[in-house]
1. Kindly list, by first and then second residue, each pair from a residue in segment 82-106 that is over 24 Å from Ser22 (Cα atoms) to a residue that is acidic (Asp, Glu) and within 15 Å of the ligand (Cβ to nearest atom), limited to pairs with Cβ atoms under 9 Å and residues at least 6 apart or on different chains.
2. Which one of these does Gln143 not meet: (1) surrounded by 13 or more Cβ atoms within 10 Å (Cβ to Cβ); (2) out of contact with any His (no Cβ under 7 Å at 6 or more places or on another chain); (3) modelled with pLDDT of 95 or more?
3. For segment 157-188: of the residues being within 12 Å of the ligand (Cβ to nearest atom) and in a strand (DSSP E or B), which is farthest from Asp59 (Cα to Cα)?
4. Report, by residue number, each residue of segment 76-97 that is open to solvent by less than 30 Å² (accessible area, probe 1.4 Å) and more than 15 Å from the ligand (Cβ to nearest atom).
5. Among the residues in segment 108-119, are any touching a Ser or Thr at 6+ places or on another chain (Cβ under 6 Å) and open to solvent by 30 Å² or more (accessible area, probe 1.4 Å)?
6. Checking the conditions here, which among Phe115, Phe121 is aromatic (Phe, Trp, Tyr), at pLDDT 95 or above and in contact with a Pro (Cβ under 9 Å, 6 or more places away or on another chain)?
7. Just to verify a result, which residue in segment 173-215, among those that are of a type in the set (Gly, Ala, Ser) and more than 17 Å from the chain's Cα centre (by Cα), is nearest to Leu130 (Cα to Cα)?
8. What is the number of the single condition among (1) within 13 Å of the chain's Cα centre (by Cα); (2) at pLDDT 95 or above that Thr128 does not meet?
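The values are calculated or read from the model by the stated rules, or taken from the named source; none is laboratory data. As the structure is a computational prediction, the values presented were derived from the model and not from experiment. Positions of Cβ are generated from backbone atoms using ideal geometry, with glycine treated the same way; all protein chains shown enter the neighbour counts. Keep in mind that these areas ignore ligands, DNA and RNA; they rest on the heavy atoms of the full protein, side chains included. Shrake-Rupley method; radii C 1.70, N 1.55, O 1.52, S 1.80 Å.
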Amino acid sequence: MSPSPDSNDPRRPGCHTTADLSRAGWQKRYDAGKTGWDRGAPNPMLATWLNTGKLQPCDILVPGCGRGHEVIALADAGFDVTAIDFADGAVQSLTDELKRRNLKAKVVQSDIFAFSQPRSFDAIYEQTSLCAIHPNQWQKYQQLLAGWLRAEGTLFAMFMQCDERDDPPYSCPLETMQVLFSKPAWHWHDAIKQVEHPTGMHELACVLTRTNLEK
Ligand SMILES: C[S@@+](CC[C@H](N)C(=O)[O-])C[C@H]1O[C@@H](n2cnc3c(N)ncnc32)[C@H](O)[C@@H]1O
């Protein structure tokens, strides 16, 4: 997955990076214990969405799941979960933890950009996966999310907010997200919440519906 410097970067056209965003690059981060994104527990926003009934048991996809604390919480809450990550460190840890807790989820070791799925999902839980992908691939990623969701399915997104930088996490400012996930394909729900992250950064919790364009 080598980023092309002059393609579709909605934020910084021509942006280039020296960061290793390949599967091996992410595996190195797991091997070195450089997993600062990992809270060691589910994102508190997930509990809010579950407790308020905004997110109810359904067929859900978690791309770039990492060690998958949210995958475990969703499986435990009765969701039919499919989780994708290409790093061994992520997939192995999640698979072991699911087994230890006697929970079921489909864990797919794959590049997100190579993942194909014949059926569509009711919901997608996107947590700091977009910020791990080079901005020149964001448009493609957005199209994949739209394609994986059924019409009127829901995207639950945690968009990372941080300083502009040339390696992950790539900041996902709200204005940029609103252009990337724009009408008519996407409808934004009103309540956007700021969620603090142990790194001192924060995420914006956003809920979007994939519009039924055939209506
Ligand atoms: C910043 S971490 C976030 C992990 C998890 N969502 C969390 O919040 O704890 C990004 C994850 O995405 C995975 N990843 C990055 N690019 C990917 C790609 N193209 N295909 C599959 N997984 C990818 C990495 O291996 C890593 O586990």
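1. Leu103/Glu97
2. Here Gln143 clears every test but (1).
3. Let us first name the residues in segment 157-188 that are within 12 Å of the ligand (Cβ to nearest atom), namely 157-160, 162, 167-170, 172.
Narrowing further to those that are in a strand (DSSP E or B): 157-160.
Numbers: Ala157: 16, Met158: 19, Phe159: 22, Met160: 25 Å.
Filtering first and then ranking leaves Met160.
4. Within segment 76-97, just Phe79 meets the criteria.
5. Initially, segment 108-119 is screened for residues touching a Ser or Thr at 6+ places or on another chain (Cβ under 6 Å), giving none.
No, segment 108-119 contains no residue that is touching a Ser or Thr at 6+ places or on another chain (Cβ under 6 Å) and open to solvent by 30 Å² or more (accessible area, probe 1.4 Å).
6. Phe115
7. Ser182
8. That leaves (2) as the condition not met.
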